[in-house]
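Taken together, the values in this text are just the output of simple stated rules run on the coordinates, not laboratory data. Computed from a predicted structure; not experimentally measured. Quick reminder, even Gly has a Cβ in these numbers, built from the backbone with ideal geometry, and neighbours come from all protein chains shown.
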Amino acid sequence: MRAVLSKAPGGPETLVVEEVLDPTPKAGEVIVEVKAVGINFPDTLIIEDKYQFRPERPFSPGGEVAGVVEAVGEGVKGVRKGDRVIAVPGWGGLVERLAVRAETVVPIPEAMSFEEAAALIMTYGTSYYALKDRAQLKAGETLLVLGAAGGVGAAAVELGKAMGARVVAAASTNDKVQFALDLGADNGLIYPSGPMDRAAQKELSGEFKLATGRDGADVVYDAVGGDYADPALRAMDWNGRYLVVGFPAGIPSLPLNLTLLKSVSVIGVFWGAAVARDPKGHAANMAELMQMYADGKIKPRVSRTFPLEKAGEAIKALGDRQAMGKIVVTVES
C-alpha cells in the first residue's frame, strides 16, 4: 500500500510517498481502508520533532481518518467489516490502510461524507472539550475566538453559538472574518498579521473590548498565541476563563498580575490526553457532537482537498495559515 512517510525531521517538503506492507489486524484491532484524512496543526509540528510526541521513524503523519472497516481482528465486538468509521490514531493516518484499536473507532452517520467525517473529531472534539468541560461556557456569555477561521477556531464559533453564547470572531483577514460570520458569529474583527509592539497590542486590546462589549469577554478561545494573547487577556471580564489551545504565532508570556486583578482563570486544553484519561467523557462528548450534526447545529467546513500524493502540500497550506475551515487529504485505493 502507499504511505506518506517522514524519514527525517523537517518541513512538508521532506515527506515521501512509498510502498509499504499492508497491516494485518492483531487481537482487538480493525483494519480501516482510509478514504479521507483530516490535516491538523499537530501534523505541521510532529514531522519537525516539535510536538509533544516523537514517534520512531519512519512514520506517517495524519492523526484523523475516515474510512471503511476492511478486516476485524480476534476478539473484536461491536465493529464489523464494511462499517463506516472515524479513527483518531494521533499519527499514522496518511496511508491507504491503517490498523487501530476497535474500541477507539466512532461510527459515521449515513448522511455524513468521508471528507466531513475526517474534519470532525479533532477540531470539534478539541473545541467542545475546551468550551464545555474546561471553560463551562454558559448561554448568554460572550466568547472571543482568536483564529476564528481555522479548523478548531471555526468549530469553536459554531459550538459557541450552539451552546447559546454571543460569539465574537477574530482573524487576520476580511475573508477569514467573513467566513466566521457566515458560520454564525455575532461580531467580528480583523487583527494585524505578524509581531506587534506595545502600542499595537494596546490598540488591539481596545478593539477587542469594543467588539466584546463593555464588560469584555467571559471566555477567550486562543488558538493563536503570540502577541495576540496579552491584548485578549486585557479585554476579559471578571471571572473570565482564558483557554490555551495552540501557538501558531508563538508561545506567549502572560502578565499574571492581570489574572489576579480580573480573577481570570488560565486553562490549558490538551484534548488528546483528556481522551486517554477519560474515555467515557470523550464518548459522551462524541455522542453529543453527532446529535448536533444531525440537528444541523454544526457542519464541518472542508475548504480544500488534496490527493494522497500531495499530502505535503496540504500540510504546508495549513502551516502557512491559508486554511479557512479544514483541509482534507483524500485517498483513492
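Summary of computed values
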| item | result |
| --- | --- |
| For the stretch 122-205, size of Cβ-based charge dipole, Lys and Arg +1, Asp and Glu -1, in debye | 220 |
| Dipole magnitude (debye, nearest 20) for the stretch 42-155, charges at Cβ of Lys, Arg, Asp, Glu | 260 |
| Label point distance in nm, ASP215-LEU258, each placed 7 Å from Cα along Cα→Cβ | 2.0 |
| For GLY216, residues with placed amide H under 5 Å, excluding near neighbours | none |
| Residues of the stretch 61-77 with amide N under 15 Å of the 7 Å Cα→Cβ point at ALA287 | none |
| Per-peptide average of other Cβ atoms within 10 Å, ordering 19-32, 83-96, 221-234 highest first | 221-234, 83-96, 19-32 |
| DSSP beta bridge pairing in the chain, given as percent antiparallel to the nearest 5 | 50 |
| The stretch 131-242: relative contact order in percent, alpha carbon pairs under 8 Å with at least 6 residues between | 27 |
| Fraction of antiparallel bridges per DSSP, the stretch 35-189 only, in percent to nearest 5 | 55 |
| For the chain: relative contact order, % (alpha-carbon pairs under 8 angstrom, 6 or more apart) | 18 |
| ³J(HN,Hα) computed for each position of the stretch 308-324 - Karplus, 6.51 cos²θ - 1.76 cosθ + 1.60, integer Hz, glycine/proline x | 4, 5, 10, 4, x, 5, 5, 5, 5, 4, 5, x, 7, 6, 8, 7, 10 |
| ³J(HN,Hα) computed for each position of the stretch 141-149 - Karplus, 6.51 cos²θ - 1.76 cosθ + 1.60, integer Hz, glycine/proline x | 7, 9, 10, 9, 10, 8, x, 6, 9 |
| Cβ-placed point charges (K, R +1; D, E -1), dipole of the chain about Cα centre in debye, nearest 20 | 660 |
| Dipole of the chain, positive direction: furthest Cα of MET236, PHE114, GLY246, with charges on the beta-carbon | MET236 |
| Inter-probe distance in nm under a simple model that places probes 7 Å from Cα toward Cβ, at GLU33 and ALA111 | 2.6 |
| Length-normalised contact order for the stretch 237-333 - Cα pairs under 8 Å, 6+ apart - percent | 21 |
| For the stretch 117-184, the spread of Cα positions along each principal axis, largest first, Å | 31, 30, 15 |
| Solvent-free Debye scattering, log10 I(q)/I(0), computed from the Cα coordinates of the stretch 54-157 at q = 0.13, 0.17, 0.21 Å⁻¹ | -0.59, -0.89, -1.12 |
